[in-house]
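Visitor: Here you go, one structure.
The values are calculated or read from the model by the stated rules, or taken from the named source; none is laboratory data. Note that the structure is a prediction, hence the values are computed from the model and not measured. No Cβ is skipped: glycine too gets one built from the backbone with ideal geometry, and neighbour counts run over all protein chains shown. Please note that ligands, DNA and RNA were not included when accessible areas were found on the heavy atoms of the full protein model with its side chains. Shrake-Rupley method; radii C 1.70, N 1.55, O 1.52, S 1.80 Å.
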Amino acid sequence: MGKFDPRKELAPRDIVARAIDHEMKRLGIDCVYLDISHKPAEFITGHFPTIHARCRELGIRHDTGAYPCCAGCALHLRGGVGRQPCRTDIPGLYAVGEVACTGLHGANRMASNSLLECLVYASQACEDILRELPLTPMPPELPEWTNPR
């Protein structure tokens, strides 16, 4: 992590996620490993009981110090480019929520922020759609589909 950010694993999660993704692609591996062997087993069982139990079911043990992990795509995706209010470069296509790139919270947004962003921008997109709909020409009539068999 040190070559990606001097804060190493304490860097913001979007930086850590992109670093993990970069290393997985560079090395052609399925995951990287989280080493938390410096913490006692009681720390893991006390703070992360569900994760600990699932890891045990999968044969992943704390004393090995290696928990497989990979980056969550929502932490490093930037989504479709959106203009206010949520318009994309494709006429009539709007981007709201996780798929949007509004810049409001950036790639490091927390779940509650993206939910708030989704509500605010969905409302703005709806207003824009209602305003633009009467000015939008109807698409051309599609020919009737025939089965080629």
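Visitor: Restricting the search to segment 1-51, which residues are in contact with a His (Cβ under 7 Å, 6 or more places away or on another chain) and either closer than 17 Å to TYR67 by Cβ or open to solvent by less than 50 Å² (accessible area, probe 1.4 Å) (or both)?
Guide: Result: ASP14, ALA17, ASP21, ALA41, ILE44, THR45.
Visitor: Considering (1) aliphatic (A, V, I, L, M); (2) open to solvent by less than 60 Å² (accessible area, probe 1.4 Å); (3) modelled with pLDDT of 75 or more, say which one LEU93 fails and leave the rest.
Guide: Going through (1) aliphatic (A, V, I, L, M); (2) open to solvent by less than 60 Å² (accessible area, probe 1.4 Å); (3) modelled with pLDDT of 75 or more one by one, LEU93 breaks only (2).
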